[in-house]
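The values are calculated or read from the model by the stated rules, or taken from the named source; none is laboratory data. Small disclaimer: the values here were computed from a predicted structure and weren't measured. A quick note on method: Cβ atoms are made from the backbone with ideal geometry, for glycine too, and the neighbour counts reach across all protein chains shown. Ligands, DNA and RNA are stripped out before the accessible areas are found, and what is left, the full protein with its side chains, is counted by its heavy atoms. Shrake-Rupley method; radii C 1.70, N 1.55, O 1.52, S 1.80 Å.
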Amino acid sequence: MSIAISGLTKRFGQTDVLCGVDLEVSKGELVALLGPSGSGKTTLLKIIAGLEWPDAGRLAVNDQNWLQLAAQDRRIGFVFQHYALFPHMRVRDNIAFGLSVRPRSERPGKAVIAAKVDEMLHFLQITHLADRFPGQLSGGQRQRVALGRALAIEPAVLLLDEPFGALDAAIRRDLRRWLRGVHDATGSTTIFVTHDQEEAFELADRVVVMGEGRIEQIGHADAIHDHPATPFVARFMGATVEFPVTLNSGRAEASGLDISALPRRALPDGPARLFARPEDITLIPDAGAPWRIASRISNGAHLRFVLSHPALGEAEADVPRRTANADALTPDAAVRLRIEAGTIFPAERGIATTSVRSPGFEPVKEKSR
Amino acid sequence: MTTAAIAPPIRAKRVLPGFTLSLGTTLLYLTLIVLIPVLALILKGAEMGPARFWQIISSPRAVAAFQITLTAAAIATVINAVYGLLMAWVLVRYEFPGKRLLDAMMDVPFALPTAVAGLSLTALFSANGWFGQVLEAAGIQVVYTIWGIVLAMAFTSVPFVVRTVQPVLEDLDPALEQAAVTLGAGPFAIFRRVVLPAILPAWMAGCTTAFARSLGEFGAIVFIAGNLPFRTEIAALLAYIRLEEYDYNGAAAIALVLLGFALVLLLASNLLQFWAARYREGQK
Ligand SMILES: Nc1ncnc2c1ncn2[C@@H]1O[C@H](COP(=O)(O)OP(=O)(O)O)[C@@H](O)[C@H]1O
Ligand SMILES: [Mg+2]
């Protein structure tokens, strides 16, 4: 089933949660919605499921207008962030739920449902859990049951809200591979929400980056990593050091920076802003340069430097500890900064100094590591 | 348990100080206020011997009183089970003007002296009262009949159902119902298969307490019931009459039967709740 979304808006009270979302998902595709918390991912997913209703916009699935279809009739599989398993039903009955609530005329016989549940248990490799209650399962097991319950109705569209959000790292990686297998085997169109870049890029065919109710960029891992479409994406992808630069026929210049490695940018001359990751900044000792090393901290593999500039402020750089000139990079040394990779955007008005954002500018609790 | 005997005892620090003191005080209080009166009642009953006890409680007037009390309490509880659930549902699930006022009014039967409740109900439902006139015209008499007793019982015990179901309904994860919707369940199926099982233990507990309260209700009933022996005389009133006649044994025997009902009810309710919550057992 192909999904076509256009101009979707939604507000809760005074906040615009979605401000004009356009998205196409083709049949059998696995798409990730990636964004910091509060960017409207869950709301978008719930609108597709029919659990929320947009204020404006269109949602068509296989050219059928889904905004006129009740959630019950959409035949979607929805996996909730905290699983939402029915606590008073055994695993078997949880999985059978979608089949056993059908109207009598469409409901399969008891034996058919039981066989279908057995098949699902087998497919998800949870046969041994069939007679347990959800309260007796681990997080990863609950996740599998939740997916089994959603898949049992053979949904045309599968929607997953932070499916691995509450699990620890090793189980996440396991389940990720397993989910990909399930998707490929069922051939359903799948959209899943995550705030974890690694998860999105590893699992999805295409990644949709969302920020504050808007789609910022759609693409594959390399493109989003190397060519962020907006400052938001650049920051979200870890380019947390920002320098004010001046563009001169497509070349960026700034005091104490060597930006010659970056390709020309087709932007008008004048002030602009350069976004770089700390690990893409190389430090070159240069007695005449304006940057000074303010501090140097080692975490074993890397040295993290804080640099200061009399006019521009502070910047951060990450350097492998075993680089040749590491010994020369001592506090108070004067250095030049060579930017190996980065992206230049038109200047945001009113910001003329360097700024460093801590890499996790999204809330810390959301970090997976 | 066995390791505790071998390992040197390590006493965990408690968050609240004075555990021993606070537990001791509570137990003492419970003993004084609940255990000793109940024990005294039982001893009083034992004192008279089984034959006399049986004679008292099987007298036609006592049997009639028990029948009336149980029947009226059962009807009142069924009414409250339905109405209390509906009330709790409305208070939790809908937003409407005056909701907080309605919520506060739910406590009126708790706060109102039962005699006041009895008097106002009597005034409303007597032949020339606001409701009484209308019902009279339809050929229904409430005052001085068992329906008067049912009414008084229902009025005083409805908060028990509302106030036990309400918090459970509030805590119910909305995602459960949303999950059911995405799986194709209609409103009725969602209520029966998802919501009801979740609130069933609390609902049953509320109904049991309401029933027990109805069995023991006195103040509100005596005004509206007319208190005709064999017709509208409740067990608690009969015990009171016996006491007035200095027939302590008679009063104690009837009271003991009421106590027995209450204990059986409590046990049944606990067993039912235990069963309804069986899926919570054995959780890791
Ligand atoms: N039912 C609701 N009522 C009011 N505000 C809501 C509701 N649901 C979500 N929001 C708000 O909408 C914004 C986006 O929420 P959500 O879609 O859950 O984001 P995400 O899933 O990306 O973290 C948040 O600011 C949140 O507070
Ligand atoms: Mg969310």
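Could you check the stretch B:189-205 and list, in sequence order, the residues that are basic (K, R) and within 8 Å of chain A (Cβ to nearest Cβ)?
Passing the criteria: only B:R193.
Looking for something within 21 Å of B:W275 (Cα to Cα), open to solvent by less than 30 Å² (accessible area, probe 1.4 Å) and outside any loop (DSSP other than H, G, I, E, B) - is there at least one such residue anywhere in the stretch B:210-228?
Let us first name the residues in the stretch B:210-228 that are within 21 Å of B:W275 (Cα to Cα), namely B:210-212.
With the extra rule that they be open to solvent by less than 30 Å² (accessible area, probe 1.4 Å), the set shrinks to B:210.
Of the ones still in play, those that are also outside any loop (DSSP other than H, G, I, E, B) are B:210.
Checked the stretch B:210-228: at least one residue is within 21 Å of B:W275 (Cα to Cα), open to solvent by less than 30 Å² (accessible area, probe 1.4 Å) and outside any loop (DSSP other than H, G, I, E, B).
Restricting to the stretch A:93-111, give me the number of residues that are surrounded by fewer than 20 Cβ atoms within 10 Å (Cβ to Cβ) and more than 9 Å from chain B (Cβ to nearest Cβ).
9
Considering the stretch A:176-186 alone, what residues qualify as being surrounded by fewer than 18 Cβ atoms within 10 Å (Cβ to Cβ) and under 14 Å from A:A150 (Cα atoms)?
A:T186 - this is the single residue of the stretch A:176-186 that is surrounded by fewer than 18 Cβ atoms within 10 Å (Cβ to Cβ) and under 14 Å from A:A150 (Cα atoms).
Given the structure, is A:L85 more than 16 Å from ligand 1 (Cβ to nearest atom), assigned by TED's automatic domain parsing to the domain that holds A:V157, in contact (Cβ under 8 Å) with a residue 40 or more places away in the chain and surrounded by 20 or more Cβ atoms within 10 Å (Cβ to Cβ)?
When the stated conditions are applied, A:L85 passes them.
Is it true that some residue in the stretch A:231-238 is of a type in the set (A, V, I, L, M), open to solvent by 10 Å² or more (accessible area, probe 1.4 Å), in contact with a strand residue (DSSP E or B) (Cβ under 6 Å, 6 or more places away or on another chain) and more than 16 Å from ligand 1 (Cβ to nearest atom)?
no
Would you mind telling me which numbered condition in (1) open to solvent by 30 Å² or more (accessible area, probe 1.4 Å); (2) away from ligand 1 (no atom under 15 Å from the Cβ); (3) under 18 Å from A:M210 (Cα atoms) A:A114 fails?
That leaves (3) as the condition not met.
Going residue by residue through the stretch B:111-124, is there one that turns out to be closer than 23 Å to B:A235 by Cβ, hydrophobic (A, V, I, L, M, F, W, C) and in contact with an Asp or Glu (Cβ under 8 Å, 6 or more places away or on another chain)?
no
For A:A272, are the conditions met, namely being in contact (Cβ under 8 Å) with a residue 60 or more places away in the chain, within 29 Å of the chain's Cα centre (by Cα) and not assigned by TED's automatic domain parsing to the domain that holds A:H195? Explain how you work it out, then say what you get.
Values: in contact (Cβ under 8 Å) with a residue 60 or more places away in the chain: yes; within 29 Å of the chain's Cα centre (by Cα): yes; not assigned by TED's automatic domain parsing to the domain that holds A:H195: yes.
Against the criterion (in contact (Cβ under 8 Å) with a residue 60 or more places away in the chain, within 29 Å of the chain's Cα centre (by Cα) and not assigned by TED's automatic domain parsing to the domain that holds A:H195), A:A272 qualifies.
Could you tell me whether A:F164 is at pLDDT 90 or above and within 16 Å of ligand 1 (Cβ to nearest atom)?
Judged against the criteria, A:F164 is not a match.
Are any of the residues in the stretch A:120-128 away from ligand 1 (no atom under 16 Å from the Cβ) and within 14 Å of chain B (Cβ to nearest Cβ)?
Yes: one or more hits.
Among the residues of the stretch A:267-302, how many are under 23 Å from A:H225 (Cα atoms) and part of a strand (DSSP E or B)?
Residues meeting the conditions: 9.
Would you kindly identify the strands (runs of 3 or more DSSP E) lying entirely within the stretch A:1-76 that contain at least 2 residues that are within 10 Å of ligand 1 (Cβ to nearest atom) and more than 23 Å from A:P228 (Cα to Cα)? Walk me through how you get there before you give the answer.
Numbers: elements: A:3-12, A:15-25, A:30-34, A:56-61.
Counting at least 2 such residues, we get A:3-12, A:15-25.
Take A:E24 and tell me if it is open to solvent by 40 Å² or more (accessible area, probe 1.4 Å) and among the acidic types (D, E). Outline the logic, then answer.
Numbers: open to solvent by 40 Å² or more (accessible area, probe 1.4 Å): yes; among the acidic types (D, E): yes.
Yes: the conditions hold for A:E24.
Can you give me the ranges of the helices (runs of 4 or more DSSP H) entirely in the stretch B:99-188 with at least 1 residues that are away from chain A (no Cβ under 14 Å)?
Fully inside the stretch B:99-188 and qualifying: B:99-105, B:108-111, B:114-125, B:130-137, B:146-171.
Out of the stretch A:134-186, which residues are within 11 Å of chain B (Cβ to nearest Cβ) and touching a Pro at 6+ places or on another chain (Cβ under 7 Å)?
A:P134, A:G135
If you scan the stretch A:291-302, which residues turn out to be at pLDDT below 90 and either in contact with a Gly (Cβ under 6 Å, 6 or more places away or on another chain) or among the aliphatic types (A, V, I, L, M) (or both)?
Passing the criteria: only A:A301.
For the stretch A:54-84, which residues satisfy the criterion of being in contact with a Pro (Cβ under 6 Å, 6 or more places away or on another chain) and away from ligand 2 (no atom under 16 Å from the Cβ)?
Answer for the stretch A:54-84, where residues must be in contact with a Pro (Cβ under 6 Å, 6 or more places away or on another chain) and away from ligand 2 (no atom under 16 Å from the Cβ): A:R75, A:I76, A:G77.
Give the residues of the stretch A:32-53 that are surrounded by fewer than 21 Cβ atoms within 10 Å (Cβ to Cβ) and away from ligand 2 (no atom under 16 Å from the Cβ), sorted by residue number.
A:W53
If you check A:L59 against the conditions, is it under 24 Å from the mean Cα position of the chain (by Cα), without any contact (Cβ under 8 Å) to a residue 60 or more places away in the chain and buried (at least 17 other Cβ atoms within 10 Å of the Cβ)?
Numbers: under 24 Å from the mean Cα position of the chain (by Cα): yes; without any contact (Cβ under 8 Å) to a residue 60 or more places away in the chain: yes; buried (at least 17 other Cβ atoms within 10 Å of the Cβ): yes.
For A:L59, the condition - under 24 Å from the mean Cα position of the chain (by Cα), without any contact (Cβ under 8 Å) to a residue 60 or more places away in the chain and buried (at least 17 other Cβ atoms within 10 Å of the Cβ) - is met.
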